[in-house]
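Q: I have a structure here, written as structure tokens, and I will follow up with some questions on it.
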Amino acid sequence: MRGLDISLYVVRRLAQAVPLIFVVILLNFFLIHAAPGDPIDFLVGSMDASPEYIEDLRREFGLDQPLGTQLWAYLTRMAHFDLGYSLRYRQSVLDLILSRMPATLLLMVTALVASSAVGILLGVIAAQRPYSATDQTSTFLALAGYSMPVFWLGQLVLIVFSLHLGWFPTQGMYSLRAPAEGWGRIVDVLHHLALPAFTYSLYHLALIFRLTRIKMQETLSLDFIVTARAKGASEGRVVYGHALRNAILPVVTVIGMNFGFMLAGSVLTETVFAWPGMGRLLYEAIQARDYPVLMGLFTVLSLMVIAANVVTDLIYAVIDPRVVYR
Amino acid sequence: MSMVDLPLAPRPVSALRIFARNRSAALAGLVLAALLLVALAAPLLAPYAPGAIGVGPAMVGPDAAHLFGTDELGRDVLSRVLYGLRISLLVGFGAAGIATALGIVMGGIAGFSGGLVDDLLMRVTEVFQVIPRFFLAVVLVAFFGASIWNIIGAIAILSWPDIARLVRAEFLTLRTRQFVDAARVAGAPAGVLIFGEILPNALAPVVVNGTLMVGQAMLLEAGLSYLGLGDPSQVSLGLILQEAQQIMRRAWWTTAFPGIAIFLAVLSLNVVGDGLNDVLNPRSRER
């Protein structure tokens with residue numbers, strides 16, 4: 001019975017995401033038409049397009065047709081995952097974005113794992129001794145962490161560790177002289193990954209630490225903890241076995257719900273370190289006013305956030321037995 | 001502690017006293033006030049015009065003539081930071097102000113009237129909660145042009161739903177309270193009920209969130225500027241940081257000082273926001 005409930009819940013949750021995807025596509029359509037200037041400029045997105053190419057696009061998007069027909073043409077393209085073509089890169093926008101996605105995911109996952117592990121551990125320690133020196137110092141540092149622009153933090157990290165100390169490369173993902181495959185390649189990529197991942201983790205560490213600390217403090221004051229202590233459970237068992245297991249649920253949710261915010265941080269970090277991911281692509285697209293790429297990125301990034309929200313809800317449903325599947 | 005020692009009820013403490021007792025919040029309030037003063041008085045304090053080229057030798061580190069050094073065009077970094085702070089604070093307070101006003105109106109209407117209006121507003125705010133705001137700001141500004149008013153407008157459009165949800169929730173609980181009923185029975189029209197009776201009681205969380213929103217808006221603007229979507233005619237701290245990206249390898253001061261300015265402003269806003277929360281939210285006062 002429970003299995004059926006879960007699959008119904010999954011279907012329902014996926015169905016809820018569909019209108020949101022529509023909203024994203026409609027937003028793109030709206031932007032093309034509401035922004036000042038000729039819509040064709042936003043669809044071409046490049047200065048050096050031939051007149052024939054422009055005419056072709058005009059016809060394909062039905063720009064001489066009524067708005068309803070145009071919307072239908074646009075939706076049809078989207079249904080075929082056709083995000084347009086970038087004249088600058090001479091590549092379809094979807095292929096371009098997909099080719100940049102692995103670099104972004106590598107950076108995000110590395111940083112997310114590191115910051116979650118350290119953030120949760122620090123949060124637990126701080127919650128165990130509220131108002132101690134450790135608690136107050138880490139609380140202040142966390143507040144400082146999310147009061148600074150992440151790209152500025154990146155600039156400082158770059159100046160100190162790369163330019164002055166010379167420990168890490170200043171930009172990119174590979175060195176030209178490094179081996180193109182095998183261990184040499186992996187070591188080279190990790191060497192390049194270190195600084196952007198460090199910058200980006202520090203930023204998220206702040207968020208995860210603050211959350212864990214608050215949730216742990218709340219949980220540690222609940223009755224079942226008193227019961228566990230009264231039973232004679234060891235302090236370690238009370239904190240990590242009982243309290244953390246309960247406090248970590250909302251932390252998982254918040255990480256999932258902040259996925260959009262995290263992607264934004266990733267984009268800015270990539271720009272500082274010229275990390276060849278989707279963020280760097282966004283930067284390049286803005287500089288070149290490459291509108292098809294810009295809209296394509298907005299669409300893909302929005303879909304990723306919507307997907308992250310669904311996945312978070314599903315994970316939550318699986319790990320928390322109290323969730324009612326409605 | 002014996003029963004006799006237990007106080008019957010906590011003595012009432014004035015809001016200002018609680019805020020001042022929170023030493024970090026009081027300090028942050030002073031820093032924020034100082035930054036606002038400095039930004040307002042930028043024309044008096046800045047030694048040079050922010051855009052003036054060649055007021056000193058190019059790329060010189062901090063010294064007596066140029067406290068924050070000079071950039072690659074020989075512009076005075078201190079003067080640029082002072083004027084940049086003005087623009088960044090204008091964006092922060094402007095965007096948060098518009099978003100708060102809009103949020104109060106929309107949330108108030110939805111929470112007071114309920115029904116279809118309320119449903120509609122909730123659907124809209126849900127969409128805003130899922131769509132990644134930073135990227136929506138990027139496309140909005142890229143498509144509509146990077147003028148300072150477009151930037152303020154874009155940030156406000158993305159931020160108002162938070163306030164609206166908050167105000168709506170407060171209105172939903174407050175509108176059924178007895179003092180509102182009393183006013184209604186006394187014949188008060190809807191406008192008086194909303195603005196005279198309910199709103200003053202719903203403002204506490206709005207003030208806290210509005211304060212935090214100013215800092216978030218400043219960071220958002222900095223991020224946009226850094227990606228090349230700043231208003232070139234209104235140089236903000238974010239835009240200075242973007243220009244510094246090219247030369248910071250040889251001139252750390254061009255990125256360090258503008259960054260510190262933005263950091264101090266946002267940090268003090270966040271600490272003040274937390275402090276206000278302690279004052280205005282009675283539940284957290286007991287801690």
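The values are calculated or read from the model by the stated rules, or taken from the named source; none is laboratory data. Computed from a prediction, not measured in an experiment: that's the story for all the values here. So basically every Cβ, Gly included, is an ideal-geometry build from the backbone, and we count neighbours across all protein chains shown. Keep in mind that these areas ignore ligands, DNA and RNA; they rest on the heavy atoms of the full protein, side chains included. Shrake-Rupley method; radii C 1.70, N 1.55, O 1.52, S 1.80 Å.
Q: Peptide A:15-24: average number of partner chain Cβ atoms within 10 Å per residue?
A: Per-residue shielding by partner chains comes out at 2.
Q: Compute the distance in nm between two label points, each set 7 Å from the Cα along the Cα-to-Cβ direction, one at residue B:24 and one at residue A:73.
A: In this crude label model, residue B:24 to residue A:73 measures out at 5.8 nm.
Q: I've got another one for you. Find out how many positive minus negative residues lie around residue A:43, taking Lys and Arg as positive, Asp and Glu as negative, among other residues whose Cβ is under 10 Å from that of residue A:43.
A: Counting the neighbours of residue A:43, the net charge comes to -2.
Q: Now, a different point. Positive end of the charge dipole of region A:94-319 (Lys, Arg +1 and Asp, Glu -1 on Cβ, about the Cα centre): tell me which of A:297, A:278, A:266 has its Cα farthest that way.
A: Checking the options against the dipole of region A:94-319, the answer is A:266.
Q: While we're here: When the Karplus curve 6.51 cos²θ - 1.76 cosθ + 1.60 is applied with θ = phi - 60°, which whole-Hz ³J(HN,Hα) does each residue of region A:253-258 get, with x for Gly and Pro?
A: My calculation for region A:253-258 gives 4, 5, 4, x, 6, 9 Hz in order.
Q: Return the long-range amide H neighbours of residue A:91 (sequence gap of 5 or more, or a different chain), with a cut-off of under 5 Å between placed amide H atoms.
A: The list, which skips near neighbours in sequence, is A:86.
Q: I would also like to ask the following. How large is the accessible surface per residue of the protein assembly as shown, computed with a 1.4 Å probe and reported in Å² as a whole number?
A: Value for the protein assembly as shown: 48 Å² per residue.
Q: Label residue B:33 and residue B:101 with points 7 Å out from Cα along Cα→Cβ: what is the distance between them in nm?
A: It works out to 2.6 nm between the two label points.
Q: Follow-up question, since we're still on this one. Tabulate in residue order the Karplus-calculated ³J(HN,Hα) for region A:78-95, using 6.51 cos²θ - 1.76 cosθ + 1.60 with θ = phi - 60°, rounded to whole Hz; enter x for Gly and Pro.
A: 4, 5, 9, 6, 8, 9, x, 9, 9, 5, 5, 9, 6, 7, 6, 4, 5, 4
Q: By the scheme Lys and Arg +1, Asp and Glu -1, what is the net charge of all other residues having a beta-carbon under 11 Å from that of residue A:289?
A: Counting the neighbours of residue A:289, the net charge comes to -2.
Q: With θ set to phi - 60°, apply the Karplus curve 6.51 cos²θ - 1.76 cosθ + 1.60 along region A:25-34 and write out the HN-Hα couplings as whole Hz, x wherever there is a Gly or Pro.
A: 5, 5, 4, 4, 4, 4, 4, 4, 8, 8
Q: Using a Gaussian network model of chain A with C-alpha springs under 10 Å, which one of A:148, A:278, A:101 is most mobile by mean-square fluctuation?
A: A:148
Q: Once you've got the GNM for chain B with C-alpha springs shorter than 10 Å, pick whichever of B:200, B:47, B:57 has the biggest mean-square fluctuation.
A: Fluctuation is largest for B:200.
Q: Separate question: Counting each pair of different Cα atoms once, what's the Kirkwood radius of chain A in Å, rounded to one decimal? Intermediate results must be reported in sequence, preceding the final value.
A: Numbers: mean 1/r = 0.0438 Å⁻¹.
Averaging 1/r across every pair of different Cα atoms and inverting gives 22.8 Å.
Q: FRET efficiency for residue A:163 and residue B:181, Cβ-Cβ distance as r, R0 = 60 Å, nearest 0.05? Display every interim value, and only then the final one.
A: Numbers: r = 67 Å, r/R0 = 1.12.
FRET efficiency, residue A:163 to residue B:181: 0.35.
Q: Convex hull volume of the Cα atoms in region B:147-287, per residue, in Å³?
A: Hull volume over Cα atoms, normalised by residue count, gives 125 Å³.
Q: So how far, in whole Å, is the C-alpha centre of region B:140-211 from the one of region B:38-93?
A: Going from one Cα centre to the other spans 38 Å.
Q: Using packing as a proxy for protection, rank A:295-302, A:85-92 so that the peptide with the highest average count of other Cβ atoms within 10 Å comes first.
A: Averaged packing, sorted descending, gives the order A:295-302, A:85-92.
Q: Kindly compute the accessible surface that chains B and A hide from a 1.4 Å probe when together, both sides summed, and give it to the nearest 100 Å².
A: 3900
Q: Based on the mean of other beta carbon atoms within 10 Å per residue, what is the order of A:311-317, A:8-14, B:126-132, most packed first?
A: B:126-132, A:311-317, A:8-14
Q: If I require 27 Å or longer along the helix axis, counting alpha carbons, and a Kyte-Doolittle average no lower than -1.0, what helices from chain B are left? Use full DSSP H segments.
A: Helix filter hits for chain B: B:77-113, B:148-174, B:199-224, B:253-280.
Q: For a Förster distance of 25 Å, can you work out the FRET efficiency between the beta-carbons of residue B:169 and residue A:227, rounded to the nearest 0.05?
A: Working from the Cβ atoms, E equals 0.15.
Q: For B:223-231, what's the mean count of beta carbons from other chains sitting within 10 Å of each residue's beta carbon?
A: Partner-chain Cβ atoms within 10 Å, mean over residues of B:223-231: 5.
Q: Classify chain B as rounded, prolate or oblate from the Cα gyration tensor: take a ≥ b ≥ c as the square roots of its eigenvalues, call it rounded if a/c is under 1.5, otherwise prolate when a/b beats b/c and oblate if not. Write down the numbers at each step before the final one.
A: Values: a/c = 2.90, a/b = 1.63, b/c = 1.78.
In terms of gyration-tensor shape, oblate.
Q: To one decimal place, what Kirkwood hydrodynamic radius in Å is obtained for the protein assembly as shown from all pairs of distinct Cα atoms? It would help to have the intermediate numbers written out before the result.
A: Numbers: mean 1/r = 0.0373 Å⁻¹.
Over the protein assembly as shown, the inverse of the mean reciprocal pair distance is 26.8 Å.
Q: Hey, got the dipole for region A:94-319? About the Cα centre, +1 on K and R Cβ, -1 on D and E Cβ, debye to the nearest 20?
A: So the magnitude is around 480 debye.
Q: Now, a different point. Per DSSP H run of at least 4 residues, take -39500 (n - 2.57); add these up for chain B, divide by its residues and hand me the 222 nm value, nearest 500 deg cm²/dmol.
A: Calculated at 222 nm, the ellipticity per residue is -23000 deg cm²/dmol.
Q: Once you've got the GNM for chain B with C-alpha springs shorter than 10 Å, pick whichever of B:37, B:78, B:219 has the biggest mean-square fluctuation.
A: B:37
Q: Hey, another quick one. Amide H neighbours of residue B:76 under 5 Å, at least 5 residues apart or on other chains, H built in the peptide plane: list them.
A: The list, which skips near neighbours in sequence, is B:55.
Q: Per DSSP H run of at least 4 residues, take -39500 (n - 2.57); add these up for chain A, divide by its residues and hand me the 222 nm value, nearest 500 deg cm²/dmol. Kindly include the intermediate steps, with their values, before the conclusion.
A: Numbers: 13 runs with 235 residues, N = 326.
The per-residue figure over chain A is -24500 deg cm²/dmol.
Q: What residue among B:125, B:256, B:50 has its Cα farthest toward the positive end of the dipole of chain B, where the charges are +1 on Lys, Arg and -1 on Asp, Glu, each on the Cβ?
A: B:125
Q: Roughly how many percent of the accessible protein surface of the protein assembly as shown is carbon and sulfur, given a 1.4 Å probe and a whole-percent answer? Numbers along the way, then the final one.
A: Working: 19420 of 29190 Å².
Looking at the protein assembly as shown in its full context, I get 67 percent from C and S.
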